[in-house]
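Let me begin by presenting the structure, written as structure tokens, before commenting on it.
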Amino acid sequence: MLQEFIQQIVNGLVLGSTYTLIALGLTMIYGILGIVNWAHGELYMLGAFAGLYLAVVLKLPFIVALLGAMIILAVCGMLLERLVFRPLRQAPELNMIIGTLGISIFLMNTAIVLFSPNPLSFPTEYSNEYLSFLGIAITMQRLLVFFITVVLIALLNYLIKYTELGKAMRACEQNPDAARLMGIDINRISLVTCAIGAALAAAAGVLVGPIFLVSPQMGLLAIAKVFAVVILGGMGNVEGAIWSAFILGLAESLTAGFFSSDYKDIITFFILIAVLIFRPQGLFGNNVIEKV
Amino acid sequence: MLKLSNLAVHYGRIKALKGIDMEVAAGEIVTLIGANGAGKTTTLRAISGLVRPAGGTVEFEGRTVTGLDAREIVKSGISHCPEGRQIFPRMTVAENLELGAYTRKDKHNLDAEYQRVFEYFPILAERRRQLAGTLSGGEQQMLAIGRALMAKPKLLLLDEPSLGLAPFLVEKIFEIIRAINRQGVTIMLIEQNAYQALGIAHRGYVLETGSVVLSGPAHELRHNDHVRKAYLGE
């Protein structure tokens with residue numbers, strides 16, 4: 001019983017880490033650019049393929065492949081901002097939704113053509129290493145997911161809270177017009193935000209690709225959950241996204257472990273609907289009332 | 001110092017400014033008065049680069065700055081303290097002030113500005129670690145002015161700094177505006193409170209539906225029949 005519980009907690013932390021890394025980019029892009037990026041799951045998917053290529057084909061060490069995939073996707077994120085988001089920024093909301101949805105479909109189908117629709121396995125040097133304690137065995141890969149996520153969250157937190165770039169990002173999120181009056185270059189901040197968001201999604205893809213499988217459709221499956229995470233955390237709220245990612249990850253894995261894995265997706269959307277009814281601003285919605 | 005020639009701004013099909021001419025000399029306080037929708041705020045937004053003019057020019061210190069990015073305008077020495085305070089609510093008072101100096105190259109040299117801002121508004125020094133959104137309306141206004149001063153502007157654009165403040169605070173804000181001006185900062189002031197504004201300004205412009213209908217020394221405007229009827233409620 002205890003072993004089962006610990007096992008599910010570990011699984012929950014792995015899921016929560018994945019959701020966190022994807023959700024952070026999604027919520028930051030929404031907060032700063034005001035765009036709901038439906039193609040964010042595809043950035044996660046492309047990140048996984050980039051990591052798979054670097055690690056399996058080029059035989060680079062896993063950590064190097066992880067960093068490489070993050071850099072490649074950061075560039076993709078910047079291209080996406082420049083070619084799609086920036087022209088859409090002044091457009092009506094419907095145009096933005098159609099635009100990013102179009103990119104999502106385009107990227108997924110491009111991946112199907114390039115990599116075939118069949119799932120690929122992504123073995124790494126950590127897949128067959130186990131850490132045993134209290135009678136359970138955990139692969140190093142799972143520990144790595146959680147550990148690297150914590151490191152990335154810490155780095156992001158430092159960036160947002162203490163650096164000049166982070167302060168400018170928060171300013172753009174809280175009041176874009178006033179940010180411009182301070183002399184902040186909103187285009188540059190948007191570009192950096194998309195680069196960071198895409199790199200974090202790529203990290204998620206590379207980290208969990210070896211645990212599950214890598215396929216062109218993986219983004220589609222992840223994004224529904226991640227939207228639940230972002231809404232639960234309060235749209236645009238970075239800290240809220242982190243907490244709700246772990247809440248959902250743990251709820252899902254504990255449901256799967258103690259009831260049935262048939263219910264694990266139901267619990268996520270059950271929580272989401274309950275939150276939307278009783279606390280539509282999200283569990284961690286901003287409570288500071290802006291005075292006019 | 002600042003010269004607007006035939007400046008026009010359109011929002012879609014609405015002509016918010018229909019080609020206005022204005023001049024502000026160094027060291028002056030110039031006030032814009034007019035009803036809601038007369039084009040006062042639009043004038044300031046066009047100067048600071050938040051809206052792109054449809055026609056005409058803005059010259060600052062002899063250089064044409066029309067249609068430049070807001071960032072370039074701030075760098076050239078114009079700070080805009082916008083209507084409704086527009087502080088960053090989920091950042092601390094200190095962070096708000098720090099962002100005011102965002103374009104400054106001499107970031108290690110901000111002590112003088114902090115000192116000056118805290119001298120004008122001692123309450124901000126007390127609350128420097130507090131989130132700006134939790135300040136009272138008057139304190140937020142002080143923060144907005146202080147933040148604009150952090151850029152060390154030559155020209156300060158103030159949009160309705162006394163809006164919604166208690167009468168004793170209005171007095172205080174006007175006193176401080178005068179003090180800022182005495183320290184050599186040129187000021188362009190929009191005010192609902194035309195009486196007070198004409199009291200501290202050197203000159204004024206009266207805007208009506210996007211055009212300048214009257215201009216002159218503040219004391220003359222104060223005794224002008226039209227101004228007295230329409231804006232001073234006499």
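The values are calculated or read from the model by the stated rules, or taken from the named source; none is laboratory data. From a predicted model like this one, the values you see are computed outputs, not experimental measurements. Here the Cβ is made from the backbone with ideal geometry for all residues, glycine too, and neighbour counts use every protein chain on show. To get the accessible areas, we keep the full protein, side chains included, count just its heavy atoms, and leave off ligands, DNA and RNA. Shrake-Rupley method; radii C 1.70, N 1.55, O 1.52, S 1.80 Å.
Just to confirm my filter: which helices (runs of 4 or more DSSP H) fall fully inside segment B:171-234 and include at least 1 residues that are of a type in the set (S, T, Y), at pLDDT below 95 and open to solvent by 60 Å² or more (accessible area, probe 1.4 Å)?
Working: elements: B:194-200, B:218-222, B:225-230.
The qualifying helices (runs of 4 or more DSSP H) are B:194-200.
Counting just the residues of segment A:201-218 that are open to solvent by 10 Å² or more (accessible area, probe 1.4 Å) and in contact with a Gly (Cβ under 9 Å, 6 or more places away or on another chain), which one comes out farthest from B:H80 (Cα to Cα)?
Residue satisfying both the conditions and the ranking: A:P210.
Touching a Leu at 6+ places or on another chain (Cβ under 8 Å), closer than 23 Å to B:L44 by Cβ and more than 8 Å from every other protein chain (Cβ to nearest Cβ): is that true of B:A132 in this structure?
Yes.
Here's a check for you: in segment A:109-143, which residue that is outside any loop (DSSP other than H, G, I, E, B) and open to solvent by less than 30 Å² (accessible area, probe 1.4 Å) is nearest to A:K59 (Cα to Cα)?
Among those residues, the one meeting the criterion is A:Q141.
Filter segment A:79-91 down to residues that are modelled with pLDDT of 95 or more and crowded, with 19+ Cβ neighbours inside 10 Å and give me whichever is nearest to A:G102 (Cα to Cα).
Among them, the one singled out is A:L80.
Hey, could you check segment A:184-212 for residues that are out of contact with any Lys or Arg (no Cβ under 6 Å at 6 or more places or on another chain) and assigned to a loop (DSSP other than H, G, I, E, B) and say which is modelled with the highest pLDDT?
A:I184
May I ask you to say which residue of B:L68, B:L155 is under 30 Å from B:K15 (Cα atoms), open to solvent by 30 Å² or more (accessible area, probe 1.4 Å) and more than 11 Å from every other protein chain (Cβ to nearest Cβ)?
The conditions single out B:L68.
For A:F5, state whether it is in contact (Cβ under 8 Å) with a residue 40 or more places away in the chain, surrounded by fewer than 24 Cβ atoms within 10 Å (Cβ to Cβ) and either under 27 Å from A:N157 (Cβ atoms) or out of contact with any Asp or Glu (no Cβ under 7 Å at 6 or more places or on another chain) (or both).
yes
Of all residues in segment B:138-152, which are without any contact (Cβ under 8 Å) to a residue 40 or more places away in the chain and within 11 Å of another protein chain (Cβ to nearest Cβ)? Can you show your working first?
Restricting attention to segment B:138-152, the residues satisfying the condition of being without any contact (Cβ under 8 Å) to a residue 40 or more places away in the chain are B:138-139, B:142.
Listed by number, the residues that qualify are B:G138, B:E139.
Do any residues in segment B:71-94 that are within 8 Å of another protein chain (Cβ to nearest Cβ) have Cβ atoms under 6 Å from those of residues that are acidic (D, E), where the two are at least six apart or on different chains, and which pairs are they?
Here the result reads B:R71/A:D185; B:P82/B:D159; B:P89/A:E290, each pair linking segment B:71-94 to a residue that is acidic (D, E).
Would you check if there is a residue in segment B:100-108 being open to solvent by less than 20 Å² (accessible area, probe 1.4 Å) and closer than 30 Å to B:L232 by Cα?
No, segment B:100-108 contains no residue that is open to solvent by less than 20 Å² (accessible area, probe 1.4 Å) and closer than 30 Å to B:L232 by Cα.
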